[in-house]
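Worksheet: one structure, shown below.
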Amino acid sequence: MEEPKIGVYVCHCGVNIGGVVDCENVARTAEGLENVVIARDYKYMCADPGQELIKKDIKELGLNRVIVAACSPRLHEPTFRRCVEEAGLNPFLFEFANIREHCSWVHMKEKEKATEKANDLVRMAVAKARQLEPLDYLNVPVTKRAMVIGAGVAGIQAALDLGDAGYETIVVEKTPSVGGRMAQLDKVFPTNDCSICILAPKMVDVAKHPNIKLYSYSEVKDVKGYIGNFKVKIEKKPRYLSEEKCTGCGSCEEVCPISVPNEFDMGIGLRKAIYKPFPQAVPAKYTIDKESCIDCGLCAKVCGPQAIDYGQKPEIIEAEVGTIISAIGYDPYDPTEKEEYGYGKIPNVITSMELERMINASGPTMGKVIRPSDGQKPKRIAFIQCVGSRDAKIGKKYCSNVCCMYAMKNSQLIKEKAPETDIDIYYMDIRAFGKGYEEFYERSSKQYGIKFIRGRPAQVLDNPDGDNPIIRSEDTLLGEIFENEYDLVVLSVGMVPTSTADEVQKLLGVSRSTDRFFMEAHPKLKPVDTATDGIYLAGACQGPKDIPSSVAQGSAAASRAAIPLAKGEVQVEPIVVTIDENVCGACGICVQQCPYGAPRFVEKDGKVVAEVLSALCKGCGTCAAGCPSGALEQSHFKTSQIYGQIEGAFKDSY
């Protein structure tokens, strides 16, 4: 290996680093380290002049190693790798020393110690850089087909964008119809437009698009492989009728004698054992709920096209796709956990989603808001905000983003039908952050006369004198504790990860954030990417958001997913684990520990050994750290390189 010729570049990052660390001192100290040819400091190394400085030195001084002491490699490591590559140097002969997040930001009041630590970090980086080896990217061919899991508004938008771009797209929806949560809404804020009027055309488009294959009432059961080459298994659940023969006429539903709670109506309405979820369902086909069906055979007798097939079995469909978008949505929070609000015990306490279905003209009450206890129209209604959101006691500190707005929207809709209704909204803070949202909030108060009471109610009490629940609360603006009686109390429930999130997480190998929603690769620079290459996020599965944000993220995810498809091949980073087959004892610890499924057992020359699929490996080092025989070594983080850093930390000059 040629003699290392190292260049060290210390970034001031304005005052982020330079205001704490003596960058000139760090550069001077680095100049005295073995193999360091040049050491400079500059205000902004990531800016064009800073990068040109590095390129110039590589060409004129023959540098074969480059170290930048600056911010987090998560932010600018790709920037500097491209920089050195453009100057003719292998991008993996570059090393980053993080002296911002790991030094200046955590030692703002200890300038001398911060400078001393920065010198240590640079010295460690130099020690590692001496032993860096050039690596080459792996080129992986890409199957030019995408898959979208979930067909709510975000999934539909992503699929349509991919289809319109000319790519084959598979859409998998677990329920009998596409549409998601938006299909359950009556109107959408801030325009109060008809929700299904906006959504239905897109639902039809996704089902009829020539580049889209829709599998409704289906679930993804297995995902194997890596970016460009995912092999998926989809289980198409039996509807117990032929989709090709069914015309959606509804004769079967008319004669079915069994009625059960309708999950689409949040359980407050009924449906038959053979059903279509809602009038605008796509595909407009019926489904037999076998758990409720009593096998009376009446539906088969009246079915003209003879579509009923009681013996239908699940069907497994296998496909290969290059990229995958998760758009599995969210579930409304179940407020039974908040016992103080009496949901499920006090009859006239309902959730916001139950109210949505009441308000909807195609809902169980045909658009009439009624009290569950007696079916009467309520004269006084209260909304309690942040139920299942902004609540550390139940582990949900996050804001669900939409609750303030939908409470105002539903209040306006009630007021338009019954102006005499008194409506109070109990809130912590009103968060009207979107375009037109603040004006919507203002209209709610001034035009519609909706009253806003600041304070989180302590309790909803059952009324011993009747069915009217009583709210006990404090008005934090007036400093008064009071009790108010209402005909109906609506709990504005937040968003939580969907019930299938755990299963989908395991299938796709994605991470979860502290709020249990799927975690993006970077909140600013890669908001729809995940740590697993080729897997993207769209909509509320990544975190609570409104419809415009979900649609925008669906398009963003489609755009990102289309990039590998357009290229036809992708470059996979070569920071992966290699296995010394002569040392491997096939104990299986690496196979058990790897979160990405990269190691596997193979037989070579009559001996079982572990093998790593480089395209799946993310270079996290979990397997290498756990290997008891030391057979695994991670490129760019080899044992010798790590030991060099450790030794460098304890020497003034190394």
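The values are calculated or read from the model by the stated rules, or taken from the named source; none is laboratory data. Nothing here was measured: the structure is a model prediction, and the numbers come from that model. Don't worry about glycine lacking a Cβ; one is built from the backbone with ideal geometry, like all the others, and counts go over all protein chains shown.
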How many residues are touching an Asp or Glu at 6+ places or on another chain (Cβ under 8 Å), part of a loop (DSSP other than H, G, I, E, B) and under 22 Å from Lys56 (Cβ atoms) when one looks only at the stretch 1-36? 2
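Do the conditions hold for Gly455, that is, is it at pLDDT 95 or above and crowded, with 22+ Cβ neighbours inside 10 Å?
Values: at pLDDT 95 or above: yes; crowded, with 22+ Cβ neighbours inside 10 Å: no.
Considered against the rule, which asks whether it is at pLDDT 95 or above and crowded, with 22+ Cβ neighbours inside 10 Å, Gly455 comes out as no.
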Go through (1) crowded, with 17+ Cβ neighbours inside 10 Å; (2) within 32 Å of the chain's Cα centre (by Cα) for Leu93 and report which single condition fails. (2)
Can you tell me which residue in the stretch 469-498 is surrounded by the most Cβ atoms within 10 Å (Cβ to Cβ), limited to those that are out of contact with any strand residue (DSSP E or B) (no Cβ under 6 Å at 6 or more places or on another chain) and within 22 Å of Arg181 (Cβ to Cβ)? Gly494
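In this structure, is Glu3 out of contact with any strand residue (DSSP E or B) (no Cβ under 6 Å at 6 or more places or on another chain) and either closer than 22 Å to Ala127 by Cα or exposed (fewer than 15 other Cβ atoms within 10 Å of the Cβ) (or both)? Steps first, answer last, please.
On the way: out of contact with any strand residue (DSSP E or B) (no Cβ under 6 Å at 6 or more places or on another chain): yes; either closer than 22 Å to Ala127 by Cα or exposed (fewer than 15 other Cβ atoms within 10 Å of the Cβ) (or both): yes.
Considered against the rule, which asks whether it is out of contact with any strand residue (DSSP E or B) (no Cβ under 6 Å at 6 or more places or on another chain) and either closer than 22 Å to Ala127 by Cα or exposed (fewer than 15 other Cβ atoms within 10 Å of the Cβ) (or both), Glu3 comes out as yes.
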So if I check each of Ile575, Ile579, which one is farther than 30 Å from Cys403 by Cβ and in contact with a Lys or Arg (Cβ under 9 Å, 6 or more places away or on another chain)? Ile575
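Out of the stretch 377-396, which residues are polar (S, T, N, Q) and part of a loop (DSSP other than H, G, I, E, B)?
Step one: of the stretch 377-396, the residues polar (S, T, N, Q) are 385, 389.
Answer for the stretch 377-396, where residues must be polar (S, T, N, Q) and part of a loop (DSSP other than H, G, I, E, B): just Ser389.
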Regarding the stretch 376-387, can at least one residue be identified that is surrounded by fewer than 23 Cβ atoms within 10 Å (Cβ to Cβ) and small (Gly, Ala, Ser)? no
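How do the strands (runs of 3 or more DSSP E) wholly within the stretch 547-651 filter down when requiring 3 or more residues that are more than 26 Å from the chain's Cα centre (by Cα) and acidic (Asp, Glu): which remain? Spell out the reasoning first.
Numbers: elements: 569-572, 577-579, 599-604, 607-612, 632-634.
Hits in the stretch 547-651: none.
Okay, residues lined up against (1) surrounded by 15 or more Cβ atoms within 10 Å (Cβ to Cβ); (2) assigned to a strand (DSSP E or B); (3) of a type in the set (Asp, Glu); (4) at negative phi:
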residue: Pro210; (1), (2), (3), (4): no, no, no, yes
residue: Asp222; (1), (2), (3), (4): no, yes, yes, yes
residue: Gly225; (1), (2), (3), (4): yes, yes, no, no
residue: Cys252; (1), (2), (3), (4): yes, no, no, yes
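Can you pull out every residue in the stretch 332-363 that is among the hydrophobic types (A, V, I, L, M, F, W, C) and over 26 Å from the mean Cα position of the chain (by Cα)? First the steps, then the outcome.
Going through the stretch 332-363, the residues among the hydrophobic types (A, V, I, L, M, F, W, C) turn out to be 346, 349-350, 353, 355, 358-359, 361.
Ile346, Val349, Ile350, Leu355, Met358, Ile359, Ala361 - these are the residues of the stretch 332-363 that are among the hydrophobic types (A, V, I, L, M, F, W, C) and over 26 Å from the mean Cα position of the chain (by Cα).
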Determine whether the stretch 176-189 contains at least one residue that is in a strand (DSSP E or B), assigned by TED's automatic domain parsing to the domain that holds Tyr215 and at pLDDT 95 or above. yes
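State whether the residues of the stretch 403-417 include one that is outside any helix (DSSP H, G or I) and hydrophobic (A, V, I, L, M, F, W, C).
Let us first name the residues in the stretch 403-417 that are outside any helix (DSSP H, G or I), namely none.
Within the stretch 403-417 (the criterion being outside any helix (DSSP H, G or I) and hydrophobic (A, V, I, L, M, F, W, C)), the answer is no, since none of the residues qualifies.
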Within the stretch 161-183, considering residues that are under 16 Å from Ile234 (Cα atoms) and under 19 Å from the mean Cα position of the chain (by Cα), the one surrounded by the fewest Cβ atoms within 10 Å (Cβ to Cβ): Lys174
With the condition kept exactly as written, say whether any residue in the stretch 190-201 is among the hydrophobic types (A, V, I, L, M, F, W, C), surrounded by 19 or more Cβ atoms within 10 Å (Cβ to Cβ), at pLDDT 95 or above and under 23 Å from Lys313 (Cα atoms). no
Note on the stretch 1-38: residues on the phi < 0 side of the Ramachandran plot, small (Gly, Ala, Ser) and within 42 Å of the chain's Cα centre (by Cα) are Gly7, Gly18, Gly19, Ala27
Number of the exception - Ala552 against (1) of a type in the set (Gly, Ala, Ser); (2) without any contact (Cβ under 8 Å) to a residue 60 or more places away in the chain; (3) touching a Leu at 6+ places or on another chain (Cβ under 6 Å): (3)
Among the residues listed as Val572, Val602, the single one being in contact with a Cys (Cβ under 9 Å, 6 or more places away or on another chain) and not assigned by TED's automatic domain parsing to the domain that holds Ala151: Val572
Would you mind telling me which numbered condition in (1) within 19 Å of Ala114 (Cα to Cα); (2) assigned to a helix (DSSP H, G or I) Leu53 fails? (1)
Report, by residue number, each residue of the stretch 391-436 that is of a type in the set (Lys, Arg) and surrounded by 18 or more Cβ atoms within 10 Å (Cβ to Cβ). Lys396, Lys409, Lys415, Arg431
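When the residues of the stretch 499-523 are narrowed to those that are among the charged types (D, E, K, R) and part of a loop (DSSP other than H, G, I, E, B), which ends up surrounded by the most Cβ atoms within 10 Å (Cβ to Cβ)?
Initially, the stretch 499-523 is screened for residues among the charged types (D, E, K, R), giving 502-503, 506, 512, 515-516, 520.
Next, from what is left, pick out any that are part of a loop (DSSP other than H, G, I, E, B): 515-516, 520.
On the way: Asp515: 15, Arg516: 15, Glu520: 22.
Filtering first and then ranking leaves Glu520.
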Can you tell me which residues in the stretch 472-498 are within 36 Å of the chain's Cα centre (by Cα) and modelled with pLDDT of 95 or more? Ser473, Leu488, Val489, Val490, Leu491, Ser492, Val493, Gly494, Met495, Val496, Pro497, Thr498
All positions within the stretch 289-331 that are within 32 Å of the chain's Cα centre (by Cα) and buried (at least 19 other Cβ atoms within 10 Å of the Cβ): Val321, Gly322, Thr323, Ile324, Ile325, Ser326, Ala327, Ile328, Gly329, Tyr330
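What number of residues within the stretch 96-113 satisfy the criterion of being in a helix (DSSP H, G or I) and surrounded by fewer than 22 Cβ atoms within 10 Å (Cβ to Cβ)?
Of the stretch 96-113, the ones in a helix (DSSP H, G or I) are 104-106, 111-113.
Narrowing the set further to residues that are surrounded by fewer than 22 Cβ atoms within 10 Å (Cβ to Cβ) leaves 105-106, 111-113.
Matching residues across the stretch 96-113 total 5.
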Filtering the stretch 96-117 for residues that are under 33 Å from the mean Cα position of the chain (by Cα) and among the acidic types (Asp, Glu) leaves a count of 1
